[in-house]
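FYI, it's all coordinate maths here, none of it is from the lab. The structure displayed is predicted, hence computed values, not measured ones. We place every Cβ from the backbone using ideal geometry, glycine too, and count neighbours over all the protein chains shown.
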């Protein structure tokens, strides 16, 4: 296999002047939106679309830009002024049409809300319209708060997409087929209560639905669009019997699912015609839950791998795609490299390369010329050389349970003990990993050591570890945070007179509980959006 030739042909966004090494990086370098995000390649591979943050004093805000790979010219096709709306993500519906999910604050019956809409952008004429047209919405019982839930892009019919929306009273979801050219809407599935999501097969027929009733989840299934829905699985939240559909194989009878295997989440495939037969294990990790989404080859119409919900990147079980990933890793050896998007013929692709010291750069690759072009850095004001390295650590909780975490020390300093920040994550059914974290980097840039821990109840380490956090707020979960702080002191890293506990959401609750339970350990506590009464 040839080594992948990395050619940095252009830089799409010019890197700004960097402060001297003696100066701390300004807080604005950390507390800002990424300069570039949601990079997507057109189906024909000729154009790349992206969301840009605009720093021009005369035209601040954000925009969607389309960059032509042949001419190397860019065009702004959509613009959001400050205080209007934010772009969540963009996707190509066809070579001509871009879809942009946007969000903005709203109010319903006096209650503040976050609203989403789905825009259709014609990149040739720059005409922009809401995918759900007002002519349709005026006839409905209610205007849905969430309008960007795409169920199927219908790649064989580029003029249409399939979305889910709640346009009736109550918590009822409908499936709508929308013509992107003329805005015509056709109901595919009438209202069903308590449906959280829908799933179509590789023939673009909707055959799976996820329904929740209080704490009970139901996976609904139908053989064809003309047959009745029936319950395939039913389980309680947080039970070991949970089964989560991931997607269909090219065979419409084969479904990939995520379920527990020897106490850890793994990927299986099963036959819908005989759901009681043993499932076939596809991929399992020996120590951690498998979390992520399937990777499909549009050319082969088959599943070729799994994308992880962490810094691990991809797992491929297809040799050709693994070879492509290996080639990219040779070209970009210092980052975790995720193939973010591919053209229809899979000859052109987008890569996001990042690490715990690199906020990430987007690249566009060409498999025919064996070139990789860097488009831009996500945070150009955060130079890699000035960032701190996160190191994996473990410590024992007071009952002997092993707690994993990450320790980040101030870059370029060796002056133990350090003023320190204990930084429990939110969720709490979430986890910290070694991917780039701008909060941690900011703290480290100001001379703080930072401890992040995956306390019991965190996701990722299996059923028993995660379920041990249920009804355990302020108890053993909190002990794990305290024990991490004491480990930090005993290991000589933390100055015991200069420790602050900081967190957001559940982490904010944990920070406040630490201040209440163990005030002698901390000089301050900071709670951002903490869970409180």
1/(1 + (r/R0)^6) with r = Cβ-Cβ of residue 68 and residue 529, R0 = 51 Å, i.e. FRET efficiency to nearest 0.05, evaluates to 0.80
Here, residue 446 and residue 104, labelled 7 Å along Cα→Cβ, have an inter-label distance in nm of 3.4
How many percent of Cα pairs in the chain exceed 43 Å? 21
Compute the label zone of residue 299 within region 364-400: residues whose backbone N is under 14 Å from the point 7 Å along Cα-to-Cβ. 366-370
Across bins of 5 angstrom width beginning at 0, how are the C-alpha pair distances of region 19-103 distributed, in whole percent? 3, 13, 22, 22, 15, 11, 8, 4, 2, 1
Starting from the Cα of residue 57, step 7 Å along the direction of its Cβ; do the same at residue 439; then give the gap between the two resulting points in nm. 3.4
Check: C-alpha center region 257-277 vs C-alpha center region 499-522, spacing in Å is 40
If each residue of separation counts as 0.36 nm, what is the full-extension length gain between residue 194 and residue 520 once their alpha-carbon separation is subtracted? 112.6 nm
Under 1.5 on a/c is rounded, so check that first for region 81-145, then, if it is not, pick prolate when a/b is larger than b/c and oblate when it is not; a ≥ b ≥ c are the square roots of the alpha carbon gyration tensor eigenvalues. oblate
Separation of alpha-carbon centers, region 194-248 and region 87-147, rounded to whole Å: 26
Of all the C-alpha pairs in region 319-405, what % are more than 21 Å from each other? 45
With a point put 7 Å past each Cα toward its Cβ, work out how far residue 262 is from residue 413 in nm, to one decimal. 4.4
Given the rule -39500 (n - 2.57) for each run of at least 4 DSSP H residues, summed and divided by the residues of the chain, what is its mean residue ellipticity at 222 nm, to the nearest 500 deg cm²/dmol? -3000 deg cm²/dmol
Of 352, 162, how do they rank once you tally other Cβ atoms within 10 Å and put the fewest first? 352, 162
Given a Förster distance of 60 Å, the FRET efficiency implied by the Cβ-Cβ spacing of residue 205 and residue 389, rounded to the nearest 0.05, works out to 0.80
Classified through the alpha carbon gyration tensor (a ≥ b ≥ c as square roots of its eigenvalues; rounded if a/c is under 1.5, else prolate when a/b is larger than b/c, else oblate), region 249-348 comes out oblate
Quick check: from the Cα gyration tensor, does region 341-495 come out rounded (a/c under 1.5), prolate or oblate? oblate
How big is the gap, in Å, between the Cα center of region 306-384 and the Cα center of region 455-485? 34
Suppose the chain between residue 281 and residue 88 were pulled fully straight at 0.36 nm per residue; how much longer would it get relative to their current alpha carbon spacing? 66.0 nm
Sites residue 237 and residue 124, calculated FRET efficiency, Cβ-Cβ separation with R0 56 Å, nearest 0.05: 0.75
Using Cβ contacts closer than 10 Å as the measure, can you line up 119, 255 from fewest to most? 119, 255
At each listed q (0.13, 0.23 Å⁻¹), what is the log10 of I(q)/I(0) that the Debye formula gives for region 310-363 modelled as equal alpha-carbon point scatterers? -0.30, -0.93
Report the gain in length on full extension from residue 229 to residue 32: 0.36 nm times residue separation, minus Cα-Cα distance, nm rounded to one decimal. 66.3 nm
Residues 176, 451, 210 in order from fewest to most other beta-carbon atoms within 10 Å are 210, 176, 451
